[in-house]
Amino acid sequence: MSQPSFLRTAVRNFTTLFRADAFEGVLLIAVAAVAMIVANSGVEGAYRELFHGYLWSKQTFYLNTLHLWINDGLMVVFFFVVGLEVKRELVSGNLADPKARNLPIIAAIAGMAAPAVVYMAVAGGEPGLARGWAIPAATDIAFAMGVVGLLGTRVPAPLRLFLLTVAIVDDIGAVAIIAVFYTAQLKAAYLVGALIVLGVMFALNRARVNSMLPFIVLTVILWYLVLYSGVHATIAGVAAALMIPINTKNGTPMLENMEHALVPWNGYLVVPLFGFANAGVNISGLGMDALLDPLPLAVAAGLVVGKQVGIFTAVFAAVKLKVVPKPPGCTWAEIWGVAVLCGIGFTMSLFIGELAFPGAGEAAHILRDEAKIGILTGSLISALLGYGLLRLFTTTHDDEVDDPDSPVV
């Protein structure tokens, strides 16, 4: 007995979506939704205890909660993958050609500066809130590319490439911000030890050692030293990734092999687990006026307004001034839609929000929850608005119309 046509279409779309890059973004949306439901249900206490209950005393080991293990431990894998992607792009990808990288670099810089300006304009004058200026500065690659993936062949390839490259440059900027602005008091002995380990990894890189094992062991040691150095531990992931050789002495593509091995774990375990542990915020008893409090309003405005204004204005000005050419085959309306999608800041914004307002006290907890409300609201608005604009202004492209792997949305 044959399946009804609508059921066949639904099954085909789900199967295609699961295979496509879009699935990681959809998974993040689902995880955030589940976290919000759990945090506002009768098991909210158990949810908090699971992630924030003490495993042992802080004197035993610094990471004494599951939440800390995820944010300061497991997220090193996320930043390691980011570092691998950045190095690959710089050596042989979209950032290798100076001409090709000029536009996304210009767009990314403006797309980080403008949200910070908007944030400070809204909340900078409020006591204790200025530390959150970087929360709306970064774009979530998986989430944004997931929305684009849902549009199938409607978004031209140069525009998808532009979004991906902007998001990668964004990640570089976010890592730099974390290293420079969210670093605690430095401990020289641990920092020197970390630099020595990096030096050894660099020597192994130059020797193009064939085995991954020394790099893996040294990365763990580097993480431990950076954890206690005062620099945020996740920076160790990026630094270690940059030391991985592109090819080994026997010609094995070590960096590519590592990236391919870790990307599924990163997309389907590390980031969703981080999202589930960090996106849950109890909004029971809060009215719509809570969104207008300075912190959530500043974060949401930075993502929704600052991102699109900064990126679109920078691209428009650079093209009109003939600094760079416009992405081929793309209209200004399509570029605007992608600029709006860059306001999806989920993963990196949540991460920076945790760093901006540290501490175990009730006041810090309230600030982190308010930041989460702004992040989730701003990211959701950007996702829906960007999807709507691209759905409205784009059409199926002839060169991709026969692609059997394109979902029908």
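The values are calculated or read from the model by the stated rules, or taken from the named source; none is laboratory data. All figures in this text were calculated on a predicted structure; none of them were measured in a lab. Here Cβ is always computed from backbone atoms with ideal geometry, including for glycine, and neighbour counts include all displayed protein chains.
I'm trying to understand the selection: among the residues of the stretch 53-92, which are surrounded by fewer than 16 Cβ atoms within 10 Å (Cβ to Cβ), within 27 Å of PHE215 (Cβ to Cβ) and β-branched (Val, Ile, Thr)? Residue satisfying the conditions is VAL91 alone. In the condition set (1) surrounded by fewer than 23 Cβ atoms within 10 Å (Cβ to Cβ); (2) among the β-branched types (Val, Ile, Thr); (3) farther than 30 Å from LYS99 by Cβ, VAL309 is compliant with all but (3). The condition of being modelled with pLDDT of 95 or more and in a helix (DSSP H, G or I) holds for only one of GLY310, GLY337, that being GLY310.
Among the residues of the stretch 357-371, those that are under 10 Å from LEU295 (Cβ atoms) and in a helix (DSSP H, G or I) comprise ILE366, LEU367, ARG368, ASP369, GLU370, ALA371. Restricting ALA142, ALA96, ALA107 to those that are modelled with pLDDT of 85 or more, within 30 Å of ALA317 (Cα to Cα), in contact with a helix residue (DSSP H, G or I) (Cβ under 8 Å, 6 or more places away or on another chain) and not β-branched (Val, Ile, Thr) reduces the list to ALA107. The residue that is nearest to LEU350 (Cα to Cα), among those in the stretch 273-300 that are within 18 Å of the chain's Cα centre (by Cα) and modelled with pLDDT of 95 or more, is VAL299.
Is it the case that ALA39 is at pLDDT 80 or above and either within 30 Å of GLY374 (Cβ to Cβ) or surrounded by fewer than 18 Cβ atoms within 10 Å (Cβ to Cβ) (or both)?
Working: at pLDDT 80 or above: yes; either within 30 Å of GLY374 (Cβ to Cβ) or surrounded by fewer than 18 Cβ atoms within 10 Å (Cβ to Cβ) (or both): yes.
Judged against the criteria, ALA39 is a match.
Restricting the stretch 206-225 to residues that are of a type in the set (S, T, N, Q) and surrounded by fewer than 18 Cβ atoms within 10 Å (Cβ to Cβ), which is farthest from VAL76 (Cα to Cα)? Only one residue fits best here, namely ASN210. Cβ-Cβ contacts under 8 Å between residues 6 or more apart (or on different chains), taken from a first residue in the stretch 372-385 that is closer than 15 Å to MET348 by Cβ and surrounded by 24 or more Cβ atoms within 10 Å (Cβ to Cβ) to a second residue that is modelled with pLDDT under 95 and of a type in the set (D, E, K, R), are listed as SER379/ASP140.
Could you tell me which residue of the stretch 138-161 is surrounded by the most Cβ atoms within 10 Å (Cβ to Cβ), considering only residues that are in a helix (DSSP H, G or I) and within 16 Å of the chain's Cα centre (by Cα)? Going through the qualifying residues, I end up with ALA144. Candidates in the stretch 342-360 are the residues that are more than 13 Å from the chain's Cα centre (by Cα) and touching a residue at least 40 places away in the same chain (Cβ under 8 Å); of these, the one that is farthest from LEU161 (Cα to Cα) is PHE357. Within this structure, PRO104 passes the test of being of a type outside the set (A, V, I, L, M) and touching a residue at least 40 places away in the same chain (Cβ under 8 Å). Taking (1) farther than 15 Å from LEU384 by Cα; (2) out of contact with any Phe, Trp or Tyr (no Cβ under 8 Å at 6 or more places or on another chain) in turn, VAL304 satisfies each apart from (1). Residue-level check: of (1) under 20 Å from ILE221 (Cα atoms); (2) assigned to a helix (DSSP H, G or I), ILE109 misses just (1). So, in the stretch 226-247, of the ones that are more than 22 Å from the chain's Cα centre (by Cα) and buried (at least 18 other Cβ atoms within 10 Å of the Cβ), which residue ends up modelled with the highest pLDDT? If we take residues in the stretch 226-247 being more than 22 Å from the chain's Cα centre (by Cα) and buried (at least 18 other Cβ atoms within 10 Å of the Cβ), then PRO245 is modelled with the highest pLDDT.
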